[in-house]
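Some notes on the structure that comes next.
The values are calculated or read from the model by the stated rules, or taken from the named source; none is laboratory data. Note that the structure is a prediction, hence the values are computed from the model and not measured. Every residue, glycine as well, gets a Cβ built from its backbone with ideal geometry; the counts of neighbours run over all protein chains shown. Accessible surface is based on the protein model in full, side chains and every heavy atom, while ligands, DNA and RNA are left aside. Shrake-Rupley method; radii C 1.70, N 1.55, O 1.52, S 1.80 Å.
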Amino acid sequence: MVESNQSNRLITLEEYIIQGQNKFPGATGELSQLLRDIGLAAKIISREVNKAGITNILGEDGSTNYHGETVKKLDLFADRQLISALNRSDITCMVISEENDDIVRLDNKGGKYIVYLDPLDGSSNIGVNVSVGSIFSIYICDAKEGESLQVEHGLQPGVRQVAAGYALYGSSTILVYTTGMGVSEFTLDPSLGEFMLSNDSIGIPDHGTIYSVNEGNYRSWPEGLKKYVKYCQEERPEESRPYTARYIGSMVADVHRTLLEGGIFIYPDSNQYPNGKLRLMYECNPLSMVTEQAGGMAIDGHGRIMEITPKNIHQQTPIYIGSKVNVRKVQEYLEAHAEDPVKS
Ligand code: FBP
């Protein structure tokens with residue numbers, strides 16, 4: 001918990017955003033407003049998630065998304081809440097969301113920002129009361145005055161994000177974001193309905209003893225990854241090995257734990273997912289920006305996630321994200337065994 005050093009009282013998200021804005025005399029306040037809009041939507045989604053078992057919002061909607069995955073009712077509820085919150089203030093011109101095959105042009109044609117959304121990450125965990133989250137990634141729209149908005153305006157590499165973050169609906173609801181100057185965390189106080197600053201500078205340990213990957217796909221992993229997981233499991237007490245395995249199955253929750261405790265989260269390419277499962281623009285880029293801003297690393301097995309030039313708004317990528325020492329180690333194994341055929 002972080003108290004304001006003047007009055008040792010808790011700081012709200014609103015106050016913190018305005019304090020941040022005041023550091024930049026030229027700031028227009030638009031990005032601040034956008035972060036507030038997302039904060040409001042996260043509160044509404046949190047309220048629904050917390051009582052999902054007693055309202056008719058669990059279960060499937062009957063439709064499928066761009067990836068052929070069954071869409072949950074809560075996915076669509078979260079999508080609607082976030083898009084309507086972003087439509088409230090005329091600063092966002094376009095939204096790209098996991099739940100919409102195509103770009104969503106908002107009423108604010110002249111809006112300055114493009115927002116990518118994974119409205120509810122970890123859908124497979126919704127019905128079993130395990131943490132889920134909402135992920136966002138914000139870019140400047142470089143469309144010229146009067147130019148009609150196209151997909152291409154959204155196809156910007158992760159390094160061009162101006163802000164990114166997530167809400168995590170777990171034992172408590174938190175909002176974590178970066179605008180490129182470190183990572184801040186806010187915890188929702190339901191009694192006040194306010195996000196209060198709980199950590200104003202998240203820093204990931206350089207090395208961690210937790211590895212997080214769905215070992216169910218082990219047989220068709222790259223050989224280098226198989227060897228890395230064997231390395232994690234070897235008895236070397238002097239090097240704190242074997243590591244511990246943790247896998248929640250909600251990327252937001254697995255990456256948040258990795259930010260706080262160190263280690264690595266991995267979703268590799270495999271026979272089932274030749275390009276990886278997770279989505280570059282609304283899962284991997286935003287969580288990579290947060291992780292890098294916290295002092296960590298995020299690669300696709302070869303290079304930096306945020307330097308990938310996107311070709312499709314829904315494209316997937318393998319991801320290895322977390323503490324620098326752990327990510328560099330797995331990269332060594334992947335490069336050393338890059339030519340090895342997969343022995344499935
Ligand atoms: P969505 O729920 O937004 O589709 O996200 C995909 C996801 O649930 C990630 O949160 C998670 O890391 C991964 O898929 C789990 O996949 P698997 O069940 O194959 O391990």
What residue, of Q272, Q316, is over 30 Å from S172 (Cβ atoms) and in contact with a His (Cβ under 9 Å, 6 or more places away or on another chain)? Q316
Index of the failed condition, V159 passing every other in (1) surrounded by 19 or more Cβ atoms within 10 Å (Cβ to Cβ); (2) away from the ligand (no atom under 13 Å from the Cβ); (3) among the hydrophobic types (A, V, I, L, M, F, W, C): (1)
Give me the residue from the range 84-113 that is more than 16 Å from the ligand (Cβ to nearest atom) and β-branched (V, I, T) and, out of that set, most open to solvent (accessible area, probe 1.4 Å). V104
When you scan the range 143-152, do you find a residue that is part of a loop (DSSP other than H, G, I, E, B), at pLDDT 95 or above and open to solvent by 10 Å² or more (accessible area, probe 1.4 Å), even just one? no
I need the full set of residues from the range 267-308 which are without any contact (Cβ under 8 Å) to a residue 40 or more places away in the chain, within 15 Å of the ligand (Cβ to nearest atom) and open to solvent by 10 Å² or more (accessible area, probe 1.4 Å), in order please. P274, K277
Give me a count of the residues in the range 132-177 that are among the aliphatic types (A, V, I, L, M) and on the phi > 0 side of the Ramachandran plot. 0
Before we move on, is D121 of a type in the set (D, E, K, R) and open to solvent by 60 Å² or more (accessible area, probe 1.4 Å)? no
Filter the range 60-69 down to residues that are open to solvent by 70 Å² or more (accessible area, probe 1.4 Å) and within 11 Å of the ligand (Cβ to nearest atom), then give me how many there are. 1
Unique match (being modelled with pLDDT under 90, open to solvent by less than 60 Å² (accessible area, probe 1.4 Å) and part of a helix (DSSP H, G or I)) among Q33, Q21: Q21
Quick check on this structure: which one of I96, I126, I83 is within 19 Å of L155 (Cβ to Cβ) and not in a loop (DSSP other than H, G, I, E, B)? I96
Please determine, by comparing only the residues of the range 207-265 that are within 16 Å of the ligand (Cβ to nearest atom) and among the hydroxyl-bearing types (S, T, Y), which one is surrounded by the fewest Cβ atoms within 10 Å (Cβ to Cβ). Y218
What number of residues within the range 45-59 are open to solvent by less than 40 Å² (accessible area, probe 1.4 Å) and assigned to a helix (DSSP H, G or I)? 5
Restricting to the range 124-140, what's the tally of residues that are closer than 20 Å to Y177 by Cα and either surrounded by fewer than 22 Cβ atoms within 10 Å (Cβ to Cβ) or within 12 Å of the ligand (Cβ to nearest atom) (or both)? 6
What pairs can you find where one residue is in the range 98-116 and within 20 Å of P310 (Cβ to Cβ) and modelled with pLDDT of 95 or more, the other is among the acidic types (D, E) and more than 16 Å from the ligand (Cβ to nearest atom), and their Cβ atoms are less than 8 Å apart, with a gap of 6+ or different chains? Y113/E30
